[in-house]
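Engineer: Please see the structure below; I have some questions.
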Amino acid sequence: QVQLVESGGGLVQPGGSLRLSCAVAGSFFSLRAMAWYRQAPGKQRELVASITSGGSTNYADSVKGRFTCSRDNAKNTVYLQMNSLKPEDTAVYYCKVVGTYFWGQGTQVTVSS
């Protein structure tokens, strides 16, 4: 059984920062690419960032230069550092094992003054 548990969400003012974590239970972690998605109310879930097993990253245009995805294979954890947050970043953020149907439960990020 694969389990993904996100944490680190919360309420932050515009311009602030948050770091999301996704802990993965499973010995395959270091071999798989991981991704972060988000879903705002009334909108489709969208890909925010991805990271390969080797650490190469890709980002949605809307977050480039503000978000950084990283991973610690020793801790089976992937991170999403979010800086210069905007109200439009408000969403539930999910992590996913790329190429599978394994998702985390999501963590709420709210950017508001």
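Engineer: If a/c stays under 1.5 just call it rounded; otherwise compare a/b with b/c (prolate if a/b is bigger, oblate if not). Do that for the chain, with a ≥ b ≥ c from the square roots of the Cα gyration tensor eigenvalues.
Structural biologist: On the way: a/c = 1.80, a/b = 1.62, b/c = 1.11.
Prolate, since a/c reaches 1.5 and a/b exceeds b/c.
Engineer: Would you compute, for the Cα atoms of the stretch 43-82, the largest minus smallest coordinate along each principal axis and list the three values in descending order, in whole Å?
Structural biologist: 34, 21, 16
Engineer: I would also like to ask the following. Relative to the Cα centre, what is the charge dipole magnitude of the chain, using +1 at the beta carbon of each Lys and Arg, -1 at the beta carbon of each Asp and Glu, and rounding to the nearest 20 debye?
Structural biologist: 80
Engineer: Related question: Between exposed chymotrypsin sites (Phe, Trp or Tyr not before Pro) in the chain, where DSSP calls loop and at most 14 other Cβ atoms lie within 10 Å, what's the longest gap?
Structural biologist: Longest stretch, sites excluded: 29-100.
Engineer: For the stretch 1-57, compute Rg over Rh where Rg is the Cα radius of gyration and Rh is the Kirkwood radius from the inverse mean 1/r over Cα pairs.
Structural biologist: 1.01
Engineer: Another question, if that's okay. Restricting to Cα pairs below 8 Å that are 6+ residues apart, what does the relative contact order work out to for the stretch 25-72? Please round to a whole percent.
Structural biologist: Values: 54 pairs, mean separation 13.3, N = 48.
This gives 28 percent for the stretch 25-72.
Engineer: Placing +1 on the Cβ of each Lys and Arg and -1 on the Cβ of each Asp and Glu in the stretch 59-113, which of S70, Y59, T110 has its Cα farthest towards the positive end of the resulting dipole?
Structural biologist: S70
Engineer: Report the paramagnetic label zone for L11: residues of the stretch 84-113 whose backbone N is under 19 Å from a point 7 Å from Cα along the Cα-to-Cβ axis.
Structural biologist: 85-93, 107-113
Engineer: Mind running the shape call on the stretch 67-113? Use the C-alpha gyration tensor, a ≥ b ≥ c as the square roots of the eigenvalues: rounded below 1.5 for a/c, prolate if a/b tops b/c, oblate otherwise.
Structural biologist: Note, shape of the stretch 67-113 comes out oblate.
Engineer: Please tell me the relative contact order of the stretch 32-113 in percent, rounded to the nearest whole number, where contacts are Cα pairs under 8 Å and at least six residues apart.
Structural biologist: Values: 144 pairs, mean separation 23.7, N = 82.
It comes to 29 percent, rounded to a whole number.
Throughout, read-outs are computed from the coordinates displayed, never taken from laboratory work. The model shown is predicted, which means the values in this text are computed figures rather than measured ones. Reconstructed Cβ throughout: ideal geometry from the backbone, glycine too, with neighbour counts over all protein chains shown.
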